[in-house]
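One structure is given here, and the rest of the page talks about it.
A short reminder: the numbers here are calculations on the coordinates, not readings from a lab. As the structure is a computational prediction, the values presented were derived from the model and not from experiment. Here the Cβ positions follow ideal geometry from the backbone for every residue, glycine too, while neighbour counts run over all protein chains shown.
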């Protein structure tokens, strides 16, 4: 029996599908160094297990979204989750680093089949205020993955080698295949006889100024937070000297900020508060918090108590803004929700990759200050993009 869209089970299933990328990345973080001993990989090769997953996930979304608009959400989800599970098995049994990297690329492609369409399913099933509330609830579920994944990955290494982590991801993929097959009704029935027309449909969405404006706001915001995530082991363990156990706790603490922000946004939405209020608050407070962290670091103060609280604030702001940004981007294009969700996801992955490159270039020269400055640039750019979108909207209303 399919889950009802208003049920808790539906929320957790959509959240689990959307949480696959952070789970697939963060679960393996504690095992990266083990790949060097087990498969003779270099540190660069180990890092490629993250980069290739993100590459496969980011690019394949551009096809997964339009396919789901044409053929329905469930067939594309089932195909993606099946590929994810099979690729996870390939990673588990990989005899060499080259094979592991190939399957990680396929795993990323498969993950896009579920994650990209999760928010499109919400858009199909809800409108207006109800959609905003449901997106906040789904965001709360998504946040659980980065909170528990690094600690869970470390725990799995106590009982087995790095292959156990990929075995767990394989089982996760199998469970999601079964959950989609038996628990998720089709929210966007296939359109018989319709052409895929990728160029025409992308052109239609790209002409939607409000939608593309919010896609850009979301993209830049993800780059701001990922600047910290990608460098967190360097900042917390190398520069500030915390242990692996404390690192896991601090990582969970910063991720909990996103959960708190999503909870606040859900409460505000239920009380009928305009989405503009949490959007404005989050988009302004985020870069200010990053700027405050940069100020302490520039003054030579590299301490947890003058760094972590500001990162938590950035997380809270991200949790408050993401559901509203997603809703604002998808609302004007109900017939192209899958394609639009794909654009958002691809842009997010590309900006995260760019953020990682920027931090990698700055960190050798500036240390943690380089991370904070990268956050200021990305989050500040997101605020500027939102102000431009709002100014354009106001001009349209006046006209």
query: Quick one: Kirkwood hydrodynamic radius for region 204-399, alpha-carbon pairs, angstrom, one decimal?
result: 17.2 Å
query: For region 1-142, what is the relative contact order in percent, using Cα pairs closer than 8 Å and at least 6 residues apart in sequence?
result: 35 percent
- prompt: Between 203, 55, 145, which gets the highest mean-square fluctuation from a Gaussian network model of the chain, Cα cutoff 10 Å?
  reply: 203
task: Only helical DSSP H runs with n ≥ 4 go in: add -39500 (n - 2.57) per run for the chain, normalise by residue count and round the 222 nm mean residue ellipticity to 500 deg cm²/dmol.
output: -28500 deg cm²/dmol
- request: State whether region 73-130 is rounded, prolate or oblate according to the following rule on the C-alpha gyration tensor (a ≥ b ≥ c being the square roots of its eigenvalues): a/c under 1.5 gives rounded; otherwise a/b larger than b/c gives prolate, and the remaining case gives oblate.
  value: prolate
query: From largest to smallest, what semi-axes in whole angstrom does region 261-330 give when each is the square root of 5 times an eigenvalue of its alpha carbon gyration tensor?
result: 28, 11, 8
query: Alpha carbon centre of region 188-232 versus region 111-149: separation in Å?
result: 15 Å
- line: Among 309, 368, 323, the residue with the largest mean-square fluctuation in a Gaussian network model of the chain built from Cα contacts under 10 Å is 309
- line: The Kirkwood hydrodynamic radius of region 39-163, taken as the inverse of the mean 1/r over all distinct Cα pairs, in Å, comes to 16.1 Å
Contour excess over end-to-end distance, with Cα ends at residue 260 and residue 284 and 0.36 nm allotted per residue: 6.9 nm
- prompt: Distance in nm between label sites at residue 129 and residue 274, each 7 Å beyond Cα in the beta-carbon direction?
  reply: 1.5 nm
message: Taking a ≥ b ≥ c as the square roots of the Cα gyration tensor eigenvalues, with a/c under 1.5 meaning rounded and otherwise prolate when a/b beats b/c, else oblate, which class fits region 200-287?
response: oblate
- prompt: Under the classification rounded if a/c is under 1.5, otherwise prolate if a/b is larger than b/c and oblate if not, where does region 253-302 fall, given a ≥ b ≥ c as square roots of the Cα gyration tensor eigenvalues?
  reply: oblate
- prompt: Hey, quick one: spin label on residue 291, modelled 7 Å out along Cα-Cβ, who in region 224-252 has an amide N within reach, i.e. under 11 Å?
  reply: none
query: Any idea what the relative contact order of region 275-399 is, in percent, if you count C-alpha pairs under 8 Å spaced at least 6 apart?
result: 35 percent
message: Between residue 243 and residue 387, what is 0.36 nm times their sequence separation minus the Cα-Cα distance? Round to one decimal in nm.
response: 47.7 nm
task: Among 269, 47, 285, determine the one that fluctuates most according to a GNM of the chain built with springs between C-alpha atoms less than 10 Å apart.
output: 47
query: Put a dot 7 Å past each Cα toward the Cβ at residue 42 and residue 178; how far apart are the dots in nm?
result: 4.3 nm
field: Mean Cα-pair separation over length for the chain, i.e. relative contact order, pairs under 8 Å, 6 or more apart, %
entry: 25 percent
